[in-house]
Structure formats: C-alpha cells, structure tokens
C-alpha cells in the first residue's frame, strides 16, 4: 500500500495569528502532498519497500535500490519531516517543556531560556532551506542540530523530538524574509506534550 498523508490534527486556520491559514493550506495541501505523491511514484518501481515504515526506510538508505535512493531520500524526508512538524504544533500551546523532557533540557542547558537561545541560533543559522531539531542520541542525550533540505535526523543516528521548518515556504507569505520573527512566534504553538511523548 502506498504511504498516506496523515490528517492535520487541527483546522487550517487554528494556528492563527502565528501561522496563517493560507500558509497551512499551501504548505500541507500542496508542498507536503507533492512530496508524498513523488515518493509513492518512486517506490512503485520497488513496491516491496511499502511494507517498511517510512522512518525505517530513511534510517538505512542502503536498503533502497540505487535507482530511486536519492528520490526516496529527498521526497521521503520531505514527507517524514513534515509529518513530525505538524504534530509538533498545536493551537493554544506554547509555554515551557513538561515532565522528563523539561528535566533533561534544564540539565543540559541550565534553563529553558538558555535552551531557547541555542535553538533559535541554530534555526537562524541554517543557510538556505532546512530544519532545526531537538533530538536525542543513542545515549538518550539531547542534541540541538539542523539538517539541510529534506535530510532527516535518523540519518545522523538521532531520534527527533521537536522540529521547526525553516524552508521559506513555511513562513514567507506572512513573514517574508523575517525568519527570526517566525521562529519567535513559533514558540507559541509548540506542542510540548508531543515532544515529551517522543522523549519518553
């Protein structure tokens, strides 16, 4: 069976005023959907891959036949990264981390504010298109890192917990070139319960 687009957990206008409805419509309905369509078209040449979860496919790309490997990396990463991104957002959220994740953030960075500053620095510092992540490594330690284009954390041996999309299509309609303002406002939508679930 081809991979499917997970439904949004909220209405397209639910992230207003921080992320506008038109951006969500285009981002989810066109960009995310196109990545999925192109991924499924590539894998139809080797349909046995559909039996594997997408995360597993992306974790070890050597299992992907060479003729479609680059397409699967780019399009599959586009699907997976966006799947995580939409679940990391929720209306009326924001605030600060909770539970064991909050403890781990405080242990690693000393405070939530110090963590935020490091995360924003990494998100602003991503040159061109990409993502900024809070992930954990194989030892369970937290890592702030950014990936280019549609590269996924699993390709670095990391487990994603939280992500912001810093491709221009994620914010340009509302913020134009003001990536920093988009990042600042993104904190108002962070679904810390989702991040805590992933951490645990």
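Any read-out appearing in this document is the output of simple, stated calculations on the displayed coordinates, not a laboratory observation. Note that the structure is a prediction, hence the values are computed from the model and not measured. Backbone-built Cβ (ideal geometry, glycine too); neighbour counts: all protein chains shown.
When DSSP beta bridges are limited to those with both residues in the chain, what percentage is antiparallel, rounded to the nearest 5?
Approximately 100 percent, going by the DSSP bridge assignments.
Quick one: angle between helix 99-109 and the longest Cα principal axis of the chain, in degrees between 0 and 90, rounded to 10, please.
It is inclined by approximately 80 degrees.
For segment 20-47 and segment 77-143, write down the distance between their C-alpha centroids in whole Å.
Taking the Cα centre of each part, segment 20-47 and segment 77-143 sit 24 Å apart.
Return the FRET efficiency for the residue pair residue 129, residue 1: r is the Cβ-Cβ distance, R0 is 25 Å, and the value is rounded to the nearest 0.05.
It comes to 0.25.
Which residues in segment 12-30 have a backbone N closer than 17 Å to a point placed 7 Å from the Cα of residue 169 along the Cα-to-Cβ line?
20-30
To the nearest 500 deg cm²/dmol, what mean residue ellipticity at 222 nm is calculated for the chain from DSSP H runs of n ≥ 4 alone, each contributing -39,500 (n - 2.57), summed and divided by the residues?
-11500 deg cm²/dmol
Taking neighbour Cβ counts within 10 Å as the exposure measure, how do 32, 145, 82, 46 sort from fewest upward?
46, 145, 32, 82
Considering the values (1) 48, 40, 30; (2) 69, 45, 31; (3) 50, 40, 35, which represents Cα extents along the principal axes in Å as calculated for the structure under consideration?
Read-out from the structure maps to (1).
Extending each Cα 7 Å along its Cβ direction at residue 74 and residue 117, get the distance between those two points in nm, one decimal.
For residue 74 paired with residue 117, the spin-label model returns 3.9 nm.
Would you please classify the overall shape of segment 54-121 from the alpha carbon gyration tensor, given that a ≥ b ≥ c denote the square roots of the eigenvalues, rounded means a/c under 1.5, and beyond that prolate means a/b larger than b/c while oblate covers the rest?
Because a/c hits 1.5 or more and a/b exceeds b/c, segment 54-121 counts as prolate.
Got a sec? How would 111, 129 order by Cβ neighbour count within 10 Å, fewest to most?
Sorted ascending by nearby Cβ count, the order is 111, 129.
Give the peptides 163-174, 187-198 in descending order of average Cβ contacts within 10 Å, highest first.
Top of the packing list down: 163-174, 187-198.
When a footprinting reagent is the concern and you count Cβ atoms within 10 Å, what order do 115, 199, 18 take, fewest first?
The order, fewest Cβ neighbours first, is 18, 115, 199.
Angle check, please: helix 112-125 long axis (alpha carbons) against the longest principal axis of the chain (alpha carbons), in degrees 0 to 90, nearest 10.
Taking the Cα atoms of the chain, the angle to 112-125 is about 50 degrees.
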